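Working notes, structure below.
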Amino acid sequence: MPTVNPRQLDAYTVQLVDIYAELEREIFERMAELLKADPNMTKEYALEWQIEKMRQIGILNVETINELADKVDITRSELLSTFSRLADDTIYTVDQQVKKLGKETIEEKPSEMDSLLQSLLDSVYDDLENLVNARLPGRNGVVANLYTDIVQQATTSAMVGNKTVNQAVTEAIIKAREKGAPSGFVDKGGRRWNIQNYTDMLIRTRVNQAYNDLSTERMKDYDIDL
């Protein structure tokens with residue numbers, strides 16, 4: 001079993017963060033497929049294209065909701081696996097450090113371990129579920145607003161520039177992709193976090209909290225308070 005220190009905690013978050021990076025990528029791919037126009041469609045048809053695509057926003061929402069539901073199911077199992085593995089490694093690490101102090105190690109796990117893990121698991125899961133079920137889907141959700149912005153930008157770009165609608169769509173999606181799909185979370189400084197950055201921050205924070213809390217609880221078993 002490996003020992004762990006705070007500098008190695010990112011190893012426990014990679015798979016979880018990748019789930020949401022993939023989700024963000026798939027959102028943009030769905031939009032690109034839905035917004036694709038006839039390669040020869042010129043600016044004369046841009047407004048007609050815009051009206052048609054805005055009517056199709058419901059299709060995107062249905063696809064997005066189905067995709068999000070799958071991600072939530074995956075995340076619950078991944079969270080449980082991650083926190084359980086981190087807990088075992090953290091307890092083992094403290095035990096190994098105690099051995100070096102010449103103390104005899106304890107076989108039993110900390111009495112508060114299960115309740116600590118459950119509390120942290122519920123907290124991070126609730127936050128992630130709120131993101132995927134409350135902020136992203138819906139006609140006024142983050143995904144619909146992002147889709148609307150891309151359609152409007154592409155329409156304007158096609159009408160004023162010397163490019164086809166498809167070219168304008170490609171440029172608008174690339175520009176939006178560089179910023180990332182918004183998570184709907186705005187911090188105290190006014191910064192708007194995209195899905196990948198928000199979930200990365202959230203998961204890393206909870207993993208660090210789990211490591212610190214579990215280390216503290218295990219040290220209590222040995223009457224160590226430093």
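Report yes if GLN118 is over 30 Å from MET159 (Cβ atoms) and not acidic (Asp, Glu), otherwise no.
Details: over 30 Å from MET159 (Cβ atoms): yes; not acidic (Asp, Glu): yes.
Yes: the conditions hold for GLN118.
Taken over the range 43-53, residues that are of a type in the set (A, V, I, L, M) and open to solvent by 60 Å² or more (accessible area, probe 1.4 Å) amount to 2. LYS71 - would you say it is at pLDDT 95 or above, charged (D, E, K, R), open to solvent by less than 90 Å² (accessible area, probe 1.4 Å) and under 30 Å from THR170 (Cα atoms)? In short, no. Looking only at residues in the range 171-226 that are among the hydroxyl-bearing types (Ser, Thr, Tyr) and in contact (Cβ under 8 Å) with a residue 24 or more places away in the chain, which one is farthest from MET41 (Cα to Cα)? Here the answer is TYR222. Listed conditions (1) open to solvent by 60 Å² or more (accessible area, probe 1.4 Å); (2) over 17 Å from ILE19 (Cα atoms); (3) not aliphatic (A, V, I, L, M) are all met by ARG204, apart from (2).
Being more than 20 Å from ARG206 (Cβ to Cβ), open to solvent by less than 30 Å² (accessible area, probe 1.4 Å) and within 27 Å of the chain's Cα centre (by Cα) narrows it down to one residue among PHE83, PHE28; which is it? Give the derivation first.
Details: PHE83 fails: more than 20 Å from ARG206 (Cβ to Cβ).
Of PHE83, PHE28, the one residue that is more than 20 Å from ARG206 (Cβ to Cβ), open to solvent by less than 30 Å² (accessible area, probe 1.4 Å) and within 27 Å of the chain's Cα centre (by Cα) is PHE28.
Identify, from the list ASN66, ASN40, ASN61, the residue that is open to solvent by 70 Å² or more (accessible area, probe 1.4 Å) and part of a helix (DSSP H, G or I). Within the list ASN66, ASN40, ASN61, the selection yields ASN66.
Please verify whether ASN61 is touching a residue at least 40 places away in the same chain (Cβ under 8 Å), within 25 Å of LYS175 (Cβ to Cβ) and within 31 Å of the chain's Cα centre (by Cα), treating the condition exactly as stated. In short, yes.
The set of residues in the range 127-151 that are open to solvent by 70 Å² or more (accessible area, probe 1.4 Å), under 21 Å from the mean Cα position of the chain (by Cα) and at pLDDT 90 or above contains only ASN145.
The values are calculated or read from the model by the stated rules, or taken from the named source; none is laboratory data. Every value quoted in this text rests on a predicted model; they were computed, and no experiment measured them. Backbone-built Cβ (ideal geometry, glycine too); neighbour counts: all protein chains shown. To get the accessible areas, we keep the full protein, side chains included, count just its heavy atoms, and leave off ligands, DNA and RNA. Shrake-Rupley method; radii C 1.70, N 1.55, O 1.52, S 1.80 Å.
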